1. Could you give the DSSP H helices of the chain that reach 15 angstrom or more along their long axis (alpha carbon positions) and whose average Kyte-Doolittle hydropathy is no lower than 1.0?
2. Do you know the relative contact order of the chain, to the nearest whole percent, from alpha carbon pairs under 8 angstrom that are 6+ apart?
3. If you place +1 on the Cβ of every Lys and Arg, -1 on the Cβ of every Asp and Glu, and leave all else neutral, what size is the dipole of the chain about its Cα centre, to the nearest 20 Debye?
4. Express the C-alpha Rg of the chain as a ratio against the empirical globular expectation 2.2 N^0.38 Å, rounded to two decimals.
5. Between Val36 and His10, take the C-beta separation as r, use R0 = 22 Å, and let me know the FRET efficiency to the nearest 0.05.
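Taken together, the values in this text are just the output of simple stated rules run on the coordinates, not laboratory data. Given the structure is predicted, the values throughout are model-derived calculations rather than measurements. Neighbour counts are summed over all protein chains in view; Cβ atoms, including those assigned to glycine, are modelled from backbone coordinates with ideal geometry.
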Amino acid sequence: MDENYFRFAHPGWMLTIGFGLYVLTLSTFTPQDIPVYFGPIGSLGKYLGTNYPQGIRLLFWATVAAHVGEALYSLKLCRDRNLSGTATFKWVFQTFLFGFSSLMRLTEYKLKNK
């Protein structure tokens, strides 16, 4: 097994998750600042952040907790596979940002190399 193994998450997932997290963050802290050009997703974020702030806050913190949990799990997987410190850092950081889309790439490596 390659101790420096690292693959980026699929770009489509990275864009989708990144945009979703950005809108969720804006909805949580400054829903009035969501740009009109974000279209229906932006309108929904603004509406939910303005009218249901507690629910959006709960969703935001649950999302953060899920991403932290996924990142910690990726740390365990990297250690189980004896990946280098640099590769482990990349996996943990990417998984914190993009969640399951990164974790899927890491677990695929396990399945191919059993």
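1. On the way: long enough: 11-29 (27 Å, 1.24); 39-51 (18 Å, -0.10); 53-80 (40 Å, 0.42); 85-98 (19 Å, 0.73); 100-112 (18 Å, -0.25).
Flagged H segments are 11-29.
2. Numbers: 117 pairs, mean separation 40.9, N = 114.
That works out to 36 percent.
3. Values: 11 positive and 6 negative charges, 57 e Å.
Dipole size: approximately 280 debye.
4. On the way: Rg = 16.7 Å, N = 114, 2.2 N^0.38 = 13.3 Å.
Working it through for the chain, the quotient is 1.26.
5. Working: r = 29 Å, r/R0 = 1.32.
Taking R0 as 22 Å, the efficiency between Val36 and His10 is 0.15.
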